[in-house]
Amino acid sequence: MSFRFRNALRGSEVLLALLFIAAATALSVGFGSAQRQAAESRETTRVDALATRIHNDMVSRSFALAQVGRYFQSTAPVSYDEWARFVEPILDHFPELTGIAYVAVGEGPALERAVTLGQTQDPNFSIFELTAEGSRAVTRQAGPRAPVVYVSTDDRNTEALGLDLYREPARAELLKQISALRRFTLSEPLVLVDTAAPVAVLFGVPIVDGASISRFIVGAVQIDTLVTQILTGTGLNDSAIRIIDAERPDQTLYNGLAAADPANGVERHRTIQIGGRTWDISFNIAPVRIPLWVFLLWLVPSLLALTMLVISTQRRVQLAQTQAEVTRTVADSERLNQDLIKERAKLTESLDHINRKNRELESFAYVASHDLKAPLRGIRNVSAWLLEDLALLDLPASITEYNLRLTTLTQKMGDLLDGLLGFNRARLDDQQEPVDLNAMVAEIAADVDQSHGPFGLTCTELPTLQTRESALRRVLTELITNAVVHNSNAAPALQLTATPDADGLVFRLCDNGTAIPVQARDRVFEIFQTLHATGDRVAGLGLAVVRKLVSYHGGHIHIVDNTTTDGTCFEFSWPCTLAADSSEA
């Protein structure tokens, strides 16, 4: 391929390639310059976004503090439990907040009330001020005081409980500004009391009672933690930042310029206004580096022809391979199709065989149930005649008892045959039609009450649905009858609910009888299987018919725990379509 390529070279093509290389070189230089300008513009945008972020984050902290003030504005006095319950989540959400304090203002009775409140957090609470040496001293000057009544539960913060902020110049100035502005106010930079934290700022909001200010909410923000958190994910982590208070340039709020090389960086400055203070933010951003590939664009023309040739060759090879693969796939598909036709024929033959067997079983069950009834009726008649004849003779009572037992057993055998025939005939033959469940359940309850005795039934408002009416009626009749007949409670009570789901309805019928053990919950659905011995009574067909009908209809049934009583709950799904008015309800 390389040999042909060399022989195919032409002077015009070489000249054209040189023109492409020259144009690409010019494009590379121009694109690199544009990249540099765009990068510097992005850095400027990120700087502006960072300054805005610092401002907005401080505003969000002030808003949280203002919310505390608004919450407690109409609450007097504020209990410590209320304070802790409201403030602790704010401190958890803003880790740079080193603490929030509740400050009372006043003298005389108001001051005594403040002391009483403070003692709910610390029984040893007392009002104090700090001496020049930093020790605690009891405030003895007359006039209003501003003690810290509550603080957030932190070992460092609790040292400030009882501190008279009117005796601290910086904090007194902050309270004075808050009183004058009557809104959120920020303090000058300071170091917090009894902490090793870097420089921080206090900010506070007043709680106004009418025309006067009687309380303050004061918080402290550790600027170093705040800025570190803000820088994460901004792309300016390698940038040096310094923040100073314009009125206190000698006190730096945040200094990240120590490790920066001003000669290799780009200086940018921003100013933000917050809480009555002006902050100057200096950024030293690393110089923009343009990727090397920008200056290598001249390689594109020389690589383009070879790349296109390789791609074209690969595509031809791939096309040939794909055609061969398609041919093989078509052949395989034809073989699979023939195999599928054979398997389908076998499946059809198997289905026909199964259908024939089912018809034979149905015919057998029908014939058995009908033909066996004739001799049973004959045995029952002979037994009755014997009773009539033996009544005239003085025979032992056991003879009469055995004869009555024979009559009972023949009756049970007849009932078993009827049940077997009913189980065999349980199917979904009818078409779907609108069904009013409320009316259906009322009719079923009336029939069961008349046949098996009184019981209580409560149910929620049931919807109207489109389904097979006779199948659903049979399922509900068997379940309600089973819950009444096998109920060990003297006053049977049933509860029926129908909850819509994605496919239709989920029915739940609960009773107040004896709960069915977990190990027997599958067995009760088998034909002629019951939880307890039935004696001469026929049992074990109703639940088998229920499971058969529910399964044929596409649902499933199982037994769940009754959470309200000790009884049993049958739950089954019934795919159906709800009427429009029912679904909207």
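Quick grid of which residues meet (1) polar (S, T, N, Q); (2) out of contact with any helix residue (DSSP H, G or I) (no Cβ under 9 Å at 6 or more places or on another chain); (3) within 21 Å of Q222 (Cα to Cα); (4) at pLDDT 85 or above:
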residue: E159; (1), (2), (3), (4): no, yes, yes, no
residue: L190; (1), (2), (3), (4): no, no, yes, no
residue: A200; (1), (2), (3), (4): no, no, yes, no
residue: F203; (1), (2), (3), (4): no, no, yes, no
residue: D209; (1), (2), (3), (4): no, no, no, no
Checklist entry - Which of the residues that make up segment 455-475 are under 20 Å from G513 (Cα atoms) and either without any contact (Cβ under 8 Å) to a residue 12 or more places away in the chain or assigned to a strand (DSSP E or B) (or both)? => result G456, L457, T458, C459
Checklist outcome for this item: A careful count of residues in segment 521-548 that are at pLDDT below 75 and outside any loop (DSSP other than H, G, I, E, B) gives 1
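State whether the residues of segment 486-503 include one that is in contact with a helix residue (DSSP H, G or I) (Cβ under 6 Å, 6 or more places away or on another chain), surrounded by 13 or more Cβ atoms within 10 Å (Cβ to Cβ), assigned to a loop (DSSP other than H, G, I, E, B) and modelled with pLDDT under 85. Outline the logic, then answer.
The first filter runs over segment 486-503 and keeps only residues in contact with a helix residue (DSSP H, G or I) (Cβ under 6 Å, 6 or more places away or on another chain), leaving 492, 494.
Imposing the further condition that a residue be surrounded by 13 or more Cβ atoms within 10 Å (Cβ to Cβ) reduces the set to 492, 494.
Those left that are additionally assigned to a loop (DSSP other than H, G, I, E, B): 492.
Now drop any that are not modelled with pLDDT under 85, which leaves none.
No, segment 486-503 contains no residue that is in contact with a helix residue (DSSP H, G or I) (Cβ under 6 Å, 6 or more places away or on another chain), surrounded by 13 or more Cβ atoms within 10 Å (Cβ to Cβ), assigned to a loop (DSSP other than H, G, I, E, B) and modelled with pLDDT under 85.
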Item to check | Cβ pairs under 8 Å, 6+ apart, first in segment 41-57 and under 14 Å from F283 (Cα atoms), second small (G, A, S) and surrounded by fewer than 16 Cβ atoms within 10 Å (Cβ to Cβ) | outcome: R46/G235
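Quick check, is Y166 assigned to a helix (DSSP H, G or I) and modelled with pLDDT of 85 or more? Spell out how you get there, then give the answer.
On the way: assigned to a helix (DSSP H, G or I): yes; modelled with pLDDT of 85 or more: yes.
Yes.
Among the residues of segment 22-53 satisfying the criterion of being closer than 17 Å to I230 by Cα and β-branched (V, I, T), which is surrounded by the most Cβ atoms within 10 Å (Cβ to Cβ)? Step through it out loud before you land on a result.
Step one: filter segment 22-53 for residues closer than 17 Å to I230 by Cα, giving 43-53.
After this cut, where a residue has to be β-branched (V, I, T) as well, the list is 44-45, 47, 52.
Working: T44: 14, T45: 10, V47: 21, T52: 12.
In this case the residue turns out to be V47.
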Item to check | Test: residue in segment 46-67 that is polar (S, T, N, Q), assigned to a helix (DSSP H, G or I) and modelled with pLDDT under 80 | outcome: yes
Checklist entry - How many residues, within segment 232-252, are modelled with pLDDT of 80 or more, farther than 22 Å from E173 by Cα and of a type in the set (D, E)? => result 0
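The values are calculated or read from the model by the stated rules, or taken from the named source; none is laboratory data. Keep in mind that what you see is a predicted model, and the values were worked out from it rather than measured. Don't worry about glycine lacking a Cβ; one is built from the backbone with ideal geometry, like all the others, and counts go over all protein chains shown.
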